[in-house]
Amino acid sequence: MSRTALRICPLCEATCGLTLTVEGARVTGARGDRDDVFSKGFVCPKGASFGAVDGDPDRLRSPLVRENGTLREATWQEAFDAVAAGLRPVLERDGPNAVGVVLGNPNVHTVAGALYPPLLLGALGTRSLFTASTVDQMPKHVSSGLLFGDAGAIPVPDLDRTDHLLLIGANPLESNGSLCTAPDFPGRLKALRARGGRLTVVDPRRTRTARLADRHLAIRPGTDALLLAAMATVLFEEGLADLKDLAPHVQGVAELRQALADFTPEAVAAACDLDAGVIRTLARELAAAPTAAVYARIGSCTVPHGTLASWLVDVLNILTGNLDRPGGALFPQAATDRTPRPAGPGRGFALGRWHSRVRHLPEAKGELPLSALAEEIDTATADGAPVRALIAVAANPVLSAPDGDRLDKALGSLDFMVSVDPYLNETSRHAHVVLPPPPPSQSPHHDFAFNALAVRNQVRYTRPAVPLEPGRMAESEILARLILAVSGMHGTDPAAVDAMVVDQTLGRAVREEHSPVYGRDPRELAAQLTGDNGPERRLDMMLRLGPYGDGFGARPGGLSLAELLAHPHGIDLGPLRPRLPQPLRTVSGRIELLPGPIAGDLPRLRAALAERPDGLVLVGRRHLRSNNSWMHNVPALTGGSNRCTLHIHPEDAARLGVRDGADVRVKGAGGEVVAPAEVTDGVRPGVVSLPHGWGHDRPGTRLGHASAAPGVNVNQLLDGSLLDPLSGNAVLNGVPVQVSASR
Ligand code: SF4
């Protein structure tokens, strides 16, 4: 007998509601939930393949423990005994920084991944934190931190109301959006055009998104910051800068004008390989549109000037008065955000509070660059102990970090490694203990991170669609037990971790004057919490203290877990609303338009005016049926056009003697790979493109389908030396490579 169950899709940032068909404990179908308040029935091929992803036979079903060099299946008790025995000695001998933590991108797609890693880091006290953010969006966090005083305050384009969208280095028709949560992003772009709005796409590739646009500019990779700086200069030169209602909240306009003065369209045109007149037109159109938003994503972040480009995106939104107004770019307000405190000066955002041991790279947002992970393990210095033990949670840095070969060797040299991962993959194969979380159908879902980036305020929660199979352990319990193991409390009831968080959070809330529970007894509040388990009680607490919450009775009719469970398709909280100055946490209490670290980096951008690549440069690409390295083991999501090929322009192919379909050798600073060529005018001349997340050909993995069609690891072309200096983000786009026919 089959039944249906609701489940929010965790397979990309769009967070669509799904209706699953379940037979026994197996998900046999998935379709869009037409009643979902946010996604309204939208589903993409990945979501429709939820059952195949969920039921992948290569998913690990029980923990693995290394014994005499070989991983064997073990009980949970044996696994956590081994974790405690492996980690504590390193901590006690070499100190907390000798234990590294790597958090992969799937952490933001699970309840446990949002709730427990901060506690794990707190328990360890390590500064050796590496995450997927530094091969992705760290520049945006840094620019938001510097502009707004809060690295998490990221404005999102008001897709449904804007009249004009300038979209840079993003391909939402394949990715469904990033740092902008919008189910059916493609449909929203089509609706923008249908209501007479204008869409401009800046991308070195003529992507599906570019083909939808009114105008596509095939810019030279890595030069977005120059283009954006020139647009800002045009706004100043031509008297088009108009901050409108933002003016009282912004400081540094005159200083900004002066700092950008020499980035004229004529000065940047050759570096960007764009026409100066077109750049002026872009700026004028942006200023003239009734409402407009500039939105940029990975292609603009993973470049040498990623933080400057991210900053300039918001600078343009500010100079045209489009920040924080309907139709522009606004700050979402998620239901689990902390109780909004009164507007006013904050502590600001600091960079470089500590540095990596080997290259002395500055931390950003508490993280060291993922590019530095291998050297932090394999290089001894007089400056403290190397990383000797590693905790990897949903992370596959052998594929996602630069120079996977070096990292592969480094991981093999560790004293101890534990992976929380459903697969034995290129990274977890090095672990001494692998702790597999259950498949998504057996886990609850709420989007803590993505609701704070959503184009509409809403809240949804789905309980597990299928009960935990016998022998499985919930991801929340796995992570709670890991926290206890590193804390020297191995064997303690894992519920103690959630109870501690509740105690601390409520204890703090009752002391905050702006809190709805100010002055109350935290024990009385804790007794009111509902939920079947610790994570649910924590969600209930966050909802009730949050901006829409019931304040534990202080605001009748407000949100709580019970209210959410009574609305299985979610609760719509309305369109994005202007919020300034409340989100600002800068020391001045205003938007600091020209922060010191940004001003200090502008000479490097000025030097880029004269830079031209000698030969070919590499960019990445996305495919609708793929997401990083996660899904290559699912037959329904591979094959067809989702292949690991090198896109090369016909002129370059002819010059190099490369034939369509023939193997080509691609060489970069970190190594070389051989991949089939796909000759296409979808990339501009001088640019080649390889997708990332491939390279499933290492021995010792358990990825049957992926290893049969492994593709190549594009990150092997990088040596990890190219970084955006402010954010530590790896440079993945615009990387110099040599291409030759493979004989
Ligand atoms: S767009 Fe993203 S969230 Fe929506 S169904 Fe596809 S993978 Fe899932």
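Rule-based calculations on the coordinates, nothing more; no lab input. Quantities reported herein were computed from a predicted structural model and do not represent experimental measurements. Every residue, glycine among them, receives a Cβ derived from its backbone with ideal geometry; neighbour counts consider all protein chains shown.
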Short version: ³J(HN,Hα) in whole Hz for each residue of region 121-127, in order, from phi by Karplus 6.51 cos²θ - 1.76 cosθ + 1.60 (θ = phi - 60°), x for Gly and Pro, what are they?
5, x, 5, 6, x, 7, 9
Work out the charge dipole of region 364-444 with +1 on the Cβ of Lys and Arg and -1 on the Cβ of Asp and Glu about the Cα centre, then indicate which of P439, S371, P402 is farthest towards its positive end.
P439
Mind checking which lysines have their Cα closer than 20 Å to the Cα of K40? Skip sequence neighbours fewer than 8 apart in that chain.
K190
Can you tell me the dipole magnitude for region 452-498 around its Cα centre, using point charges on the Cβ only (Lys, Arg +1; Asp, Glu -1), in Debye to the nearest 20?
300 debye
Applied in sequence order to region 323-331, the curve 6.51 cos²θ - 1.76 cosθ + 1.60 (Karplus, θ = phi - 60°) yields integer Hz couplings, x standing for Gly and Pro, of 6, 6, 9, x, x, x, 10, 10, 8
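Under a point-charge model restricted to the Cβ atoms of Lys and Arg (+1) and Asp and Glu (-1), what is the dipole moment magnitude of region 2-54 relative to its Cα centre, in debye to the nearest 20?
Charge dipole, region 2-54, about its Cα centre: 100 debye, nearest 20.
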By counting other Cβ atoms within 10 Å of each Cβ, how are T15, T701, T339 ranked from fewest to most?
T339, T701, T15
Hey, can you grab everything whose amide H is under 5 Å from the amide H of V688? Only 5+ residues off in sequence or another chain; H modelled, so Pro and N-termini drop out.
V617, L618, V619
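Share of Cα-Cα pairs in the chain beyond 37 Å, in percent? List each step's numbers first, then the result.
Values: 105114 of 275653 pairs.
Value for the chain (Cα pairs over 37 Å): 38 percent.
Among bridges DSSP assigns within the chain, what percent are antiparallel (round to 5)? Display every interim value, and only then the final one.
On the way: 47 of 86 bridges.
Among the beta bridges of the chain, antiparallel pairing accounts for roughly 55 percent.
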Any number yet on Rg/Rh for region 613-741, C-alpha, Kirkwood?
0.97
What does the charge dipole of region 64-118 about its Cα centre add up to, to the nearest 20 debye, if the Cβ of each Lys and Arg holds +1 and the Cβ of each Asp and Glu holds -1?
120 debye
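Which entries of K140/K409; K140/K244; K409/K667 show an alpha-carbon separation above 27 angstrom in the structure shown?
Check vs 27 Å cut-off fails for K140/K409.
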q = 0.11 Å⁻¹, region 493-563: log10 I(q)/I(0) [Debye, one scatterer per Cα]
-0.22
Interchain or sequence-distant (5+) residues whose placed amide H lies within less than 5 Å of the amide H of L424 are L60, R702
The summed charge of the G549 Cβ neighbourhood (under 12 Å; Lys/Arg +1, Asp/Glu -1) stands at -1
Net charge contributed by nearby residues that have their C-beta within less than 13 Å of P685 (K/R +1, D/E -1):
+1
Farthest toward the dipole's positive end in region 493-563, which of A554, N533, A499, given Cβ charges of +1 (Lys, Arg) and -1 (Asp, Glu) about the Cα centre?
A554
Compare the Cα positions of G51, L87, V37 along the charge dipole of region 26-112 (+1 at Cβ of Lys, Arg; -1 at Cβ of Asp, Glu; about the Cα centre) and return the one farthest towards the positive end.
V37
Within a Cβ distance under 11 Å of V466, other residues only, what is the Lys/Arg minus Asp/Glu net charge?
+2
Would you give the gap between the C-alpha center of region 435-466 and the C-alpha center of region 304-334, rounded to a whole Å?
27 Å
If you average the alpha carbon positions of region 342-398 and of region 560-576, how far apart do those two centres end up, in angstrom?
38 Å
Calculate one ³J(HN,Hα) per residue across region 140-154 by plugging θ = phi - 60° into the Karplus curve 6.51 cos²θ - 1.76 cosθ + 1.60, and present them in order as whole Hz with x for glycine and proline.
5, 4, 5, 5, 5, x, 6, 6, 10, x, 9, 5, x, 8, 10
Starting from the amide H of E678, placed 1.01 Å from N in the peptide plane, find each other amide H under 5 Å away whose residue is 5 or more places distant or on another chain.
L646, H647, I648, G661
Using alpha carbons only, how many angstrom separate the centre of region 194-257 from the centre of region 1-76?
39 Å
Where the convex hull is taken over the Cα atoms of region 681-743, what is its projected area averaged over directions, in nm²?
6.9 nm²
